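No value in this document is a laboratory result; all are computed from the given coordinates. Small disclaimer: the values here were computed from a predicted structure and weren't measured. Positions of Cβ are backbone-derived with ideal geometry, glycine not excepted, and every protein chain shown enters the neighbour counts.
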Amino acid sequence: MRKGFTLVEVLVVTALVGLLAASLLWGFASARRQGQYSQAQAHGLEVFLALDAFLVRNTDLLLDLDGWTAAWPAGSLDGAPAALAGLGGFDCRQAVTLGRGGMEGGGQSWGAAPATVGCLIERVGDRFLVHTWVRGLPRHYLNGRDPP
């Protein structure tokens with residue numbers, strides 16, 4: 001009687017190991033993508049709540065939003081989904097503390113966005129809409145929530 005494995009047995013085991021590895025890699029990629037979406041959603045909500053809380057405490061700024069936002073940095077739609085094409089607004093990827101003079105010390109704040117997250121503040125009248133997305137992926141969020 002011979003000892004060892006036949007070629008067919010080795011090929012079957014190799015194929016099974018390959019299938020297991022492929023399914024694990026797919027699962028890891030899916031979990032990573034979901035984590036990035038969660039980061040984008042959380043950052044959008046953080047920015048939205050900071051803006052909202054600051055303007056509730058400083059309602060007089062609503063009379064001069066043009067002056068208050070004049071020094072805000074322009075935003076970019078780099079890596080944004082096609083649904084956001086054509087939007088303009090302000091950058092909200094950097095850590096910011098809102099103040100009466102704009103994005104400076106003295107008020108509500110938000111942290112920096114992760115490197116994979118894009119963020120744009122769109123001004124619509126006297127309201128602000130915060131758009132966030134994961135660069136290169138199709139999904140986006142509005143004020144930290146799925147858009148309507």
* Expressed in whole Å with the largest first, what are the equivalent ellipsoid semi-axes of region 7-142 derived from the C-alpha gyration tensor as the square root of 5 times each eigenvalue? -> 44, 14, 10
* Given region 79-148, what whole percent of its Cα pairs are spread farther than 15 Å? -> 57 percent
* Mean Cα-pair separation over length for the chain, i.e. relative contact order, pairs under 8 Å, 6 or more apart, % -> 26 percent
* Asked: Along the charge dipole of region 1-140, which of L55, V117, T69 sits closest to the positive end, that is, farthest toward it, with unit charges on the beta carbon of Lys, Arg, Asp and Glu (+1, +1, -1, -1)?
  -> V117
* Structure fact -> Taking T6, T97 and counting other beta carbon atoms within 10 angstrom, the fewest-first order is T6, T97
* Asked: Taking the Cβ of Q36 as the center, what net charge do the other residues with Cβ under 11 Å away carry, scoring Lys and Arg +1 and Asp and Glu -1?
  -> +4
* Using the count of nearby Cβ atoms within 10 Å as a rough guide to exposure, how do F54, F5 rank from fewest to most? -> F5, F54
* **Fewest-first sequence of E122, E46, E9 by Cβ atoms within 10 Å of each Cβ** => E9, E122, E46
* Around V47, what is the net charge, scoring Lys/Arg as +1 and Asp/Glu as -1 over all other residues with Cβ under 15 Å from its Cβ? -> 0
* Amide H partners (placed H, <5 Å) of S109, local residues excluded -> L98
* To do: From the C-alpha gyration tensor of region 22-89, pull out the three semi-axes of the equivalent ellipsoid (sqrt of 5λ each), sorted largest to smallest, in whole Å.
  => 35, 16, 8
